[in-house]
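S.K.: A single structure is presented below for examination.
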Amino acid sequence: MVGIVPVDDEDDPEDDGQQFAVSAVKITSLKVPSTYLLDKSSKNPDPLILDCEYEVDESEKGFVLKWFLDGQPVYQWIPSKNPFPFQSFKNRVDTSYVVSQERLHKHRAMAIIKPLANFTGEYACMVQTFASIDRKSAKLKIIVQESKFDLNYYLNGDGYITVDCHARDISPLPELYIRINDKLFETQKLKFVEGENNLFNVSVSGSIPKEELESPTTIECFLTVPETNYTKKRSTIYYESHLGTTTSTVATTTIVGMLQAAPENLQKKELNGTDGSSATALPDQLPAASRLMATLLTVLLIFTSTLL
């Protein structure tokens, strides 16, 4: 009779995996927004909440939760201690924020106060015990809203209409493109300057012959941040009559310039005697008057001599 040898559970890899899955810590949901709009005008903006939901058995020992930004630790929580933000996030995390009353979940979320533009990057949540570990990550972009976004058009002296679109103080570096009557308008390459606090000033422009632009025409400029859903639009309507206003402004300037030069012209006329009654005509008139006076004086002397 052949005996039946019992199979040790540890020799069954599939069974081991099932047991490990039951007892292991496991992240079930990572809540990291793809974008966060930084409102510079708000003194007390809402905190940026990053949450990490997981399953862990209460019997697990040595539980630790950590948050990373681009591979560098920024936050740590051990249930027996207070949350600890690392140096790069010091004074930027609300350590009193509570997301759950469960002992192993209370401070799992990181509440970032007034995030900075350079907080953009890949955030990872790692949970571990003495027996297991799990980690998930997601990318986040901090968007600093532009302080100015304008769209303009004007007539050049060469008969072309130039369309110009520009934005100021935005981060990260955005893209700009112009559409005329829903068709992409060919423009020059995006121009940008990076200023303080990693903020950008950007502009794009293009020109089109005036006769090719019908009146009225819809002109639009779109501002987008790559890999996000952040999109802004500015629009205007091109009217040929509006160009007349610009031309009138030029004409007014010309007229003012002529009026400012008028006193000088009048002064030159007086000196040149172009109107026939200026002071320069007097030298021609003086000899005739002298001859008349001399003639009268001579007649008077002859008359006096005759009387004597």
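The values are calculated or read from the model by the stated rules, or taken from the named source; none is laboratory data. Remember, it's a predicted structure, so these values are computed and weren't measured experimentally. A quick note on method: Cβ atoms are made from the backbone with ideal geometry, for glycine too, and the neighbour counts reach across all protein chains shown. In case anyone asks, the SASA skips ligands and DNA or RNA and just uses the protein heavy atoms, side chains included. Shrake-Rupley method; radii C 1.70, N 1.55, O 1.52, S 1.80 Å.
S.K.: Counting heavy atoms of the protein chains only and a 1.4 Å probe, report the per residue accessible area for segment 37-81 as a whole number of Å². Walk me through the intermediate numbers first.
M.R.: Working: 2480 Å² over 45 residues.
Normalised by residue count, the accessible surface of segment 37-81 is 55 Å².
S.K.: Solvent-accessible area per residue for segment 195-246 at a 1.4 Å probe radius, Å²?
M.R.: Working: 2890 Å² over 52 residues.
Roughly 56 Å² per residue, with all protein chains present.
S.K.: Can you sort Y123, Y97 by solvent-accessible area, 1.4 Å probe, largest first? It would help to have the intermediate numbers written out before the result.
M.R.: Numbers: Y123 0, Y97 70 Å².
These residues rank, largest area first, as Y97, Y123.
S.K.: Step through the residues of segment 111-128 one at a time and calculate ³J(HN,Hα) from phi using the Karplus curve (6.51 cos²θ - 1.76 cosθ + 1.60, θ = phi - 60°), rounding each to whole Hz and writing x for Gly and Pro.
M.R.: 9, 8, 8, 6, x, 9, 4, 7, 7, 5, x, 9, 9, 10, 10, 10, 10, 8
S.K.: Take the Cα pairs of segment 77-207, get the Kirkwood Rh, then feed it into Stokes-Einstein at 25 °C and 0.890 mPa s and tell me D in µm²/s. Walk me through the numbers before you get to the answer.
M.R.: On the way: Rh = 18.9 Å.
D = 130 µm²/s.
S.K.: Around Y177, under 14 Å between beta carbons, what's the net of Lys plus Arg minus Asp minus Glu among the other residues?
M.R.: Net charge around Y177: +2.
S.K.: OK, next. State which entries of K189/K232; K148/K183; K81/K114; K114/K141; K81/K106 exceed 22 angstrom in Cα-Cα distance in the structure shown. List each step's numbers first, then the result.
M.R.: Numbers: K189/K232 19 Å; K148/K183 25 Å; K81/K114 25 Å; K114/K141 14 Å; K81/K106 11 Å.
Among K189/K232; K148/K183; K81/K114; K114/K141; K81/K106, the Cα-Cα distance tops 22 Å for K148/K183; K81/K114.
S.K.: Follow-up question, since we're still on this one. Could you tally the net charge around D94, taking each other residue with its Cβ under 13 Å from the Cβ of D94, Lys/Arg +1 and Asp/Glu -1? Present the calculation step by step, with values, prior to reporting the outcome.
M.R.: Details: positive: K90, R92, K114; negative: D46.
Cβ neighbours under 13 Å give a net charge of +2.
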